Structure formats: structure tokens, C-alpha cells
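Notes to accompany the following structure.
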Amino acid sequence: MSVRCPVLLCREENAYGAELCAGCRTPLAGYARLHTYPAYLFNRGLAAARAGRLAAARDCFAAVVHWCPGDTEARNALALAGLRLGDRAEAHRQWTEVLDRRPGDPKAVRGLAQLAEPAEASRSSGLPDVSGPAPGTG
Ligand SMILES: [Zn+2]
């Protein structure tokens, strides 16, 4: 693994962990940390989501998306966390943004389809339900 110098006129390949760029002496340690920070935040968000801490998860994913707007994986996760928190508008916004960046993204397509369905409580076909067992018997 190596770190390419972020200075556009340099772009020297440096060994991972190098303090300074071998080509132009730009400090690299902080840059390498910044480079891996979004992945770290994303993993923290996943861990928080698994632990049921949805608000914390959403904050992590939102930070990743702010940092890396093109990270559709993080954006999908942000949308899902928003949906679970009851923020359907935010979920819709993020999934739409994913599809703008990656047309046909399966997670975003599924997410938007889910949003288009009525909430479970109001699932109604417009027909009275008379096929079930009669109430009050037994
Ligand atoms: Zn350099």
C-alpha cells in the first residue's frame, strides 16, 4: 500500500506511513489519516446501526456523505438510517441523489420503491376484507 502525494504537480508515490513526501517534502501523515477517516466513520456508523443506535449511525453516515458526496454506499446507509428514524423525506432525498450519481443502483431503487408503498397501518386495497374468519366465534 502506498500514498500518492496530494500535490498535483508532484504526485509522487510514497510508502504508507511516510511522514514527508519524498518528492516535495509535503507532510503526508495527516493527509493519509484524512484519507482513511471516511472509511473509519462509515464502519462506526455500521456498528452503531447494528447496536440499534440509529441516530448515531445516521450522524456518522451524514459525515461521510458530507466528506465524500460521491460515496453512494454511505448515502444508501444514510437514507436507510433516516427511514428507520421516521425521516421519509430525508430518505427520499438521499436515495434520489444516489440514483442521480449511479443510475439503477439496486439499494436506492429498492429504497424508493419501499417509500412509495403506503405505510403498513394504511395498507388498503379499497375493498372491505370479508374473507377472514368471522369475529367473535369460539
Ligand atoms: Zn510530493
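Couple of notes before you dig in:
- Contacts under 8 angstrom Cβ, first residue in the range 18-30 being closer than 15 Å to residue 8 by Cα and among the β-branched types (Val, Ile, Thr), partner more than 10 Å from the ligand (Cβ to nearest atom) and in a loop (DSSP other than H, G, I, E, B), 6 or more apart: none
- Single residue of the range 17-56 satisfying the filter (of a type in the set (Ser, Thr, Tyr) and within 16 Å of the ligand (Cβ to nearest atom)) that is nearest to residue 1 (Cα to Cα): 31
- Tally of residues being surrounded by 12 or more Cβ atoms within 10 Å (Cβ to Cβ) and within 9 Å of the ligand (Cβ to nearest atom) across the range 1-16: 8
- Selection of the range 1-37 for residues being part of a helix (DSSP H, G or I) and either touching an Asp or Glu at 6+ places or on another chain (Cβ under 7 Å) or aromatic (Phe, Trp, Tyr) (or both) yields 29, 31, 37.
Each reported figure results from applying straightforward, stated rules to the coordinates on display, with no laboratory input. Since this is a predicted model, take the numbers as computed values, not measurements. Methodologically, a virtual Cβ is constructed for each residue, glycine included, from the backbone with ideal geometry; neighbour enumeration extends over all protein chains shown.
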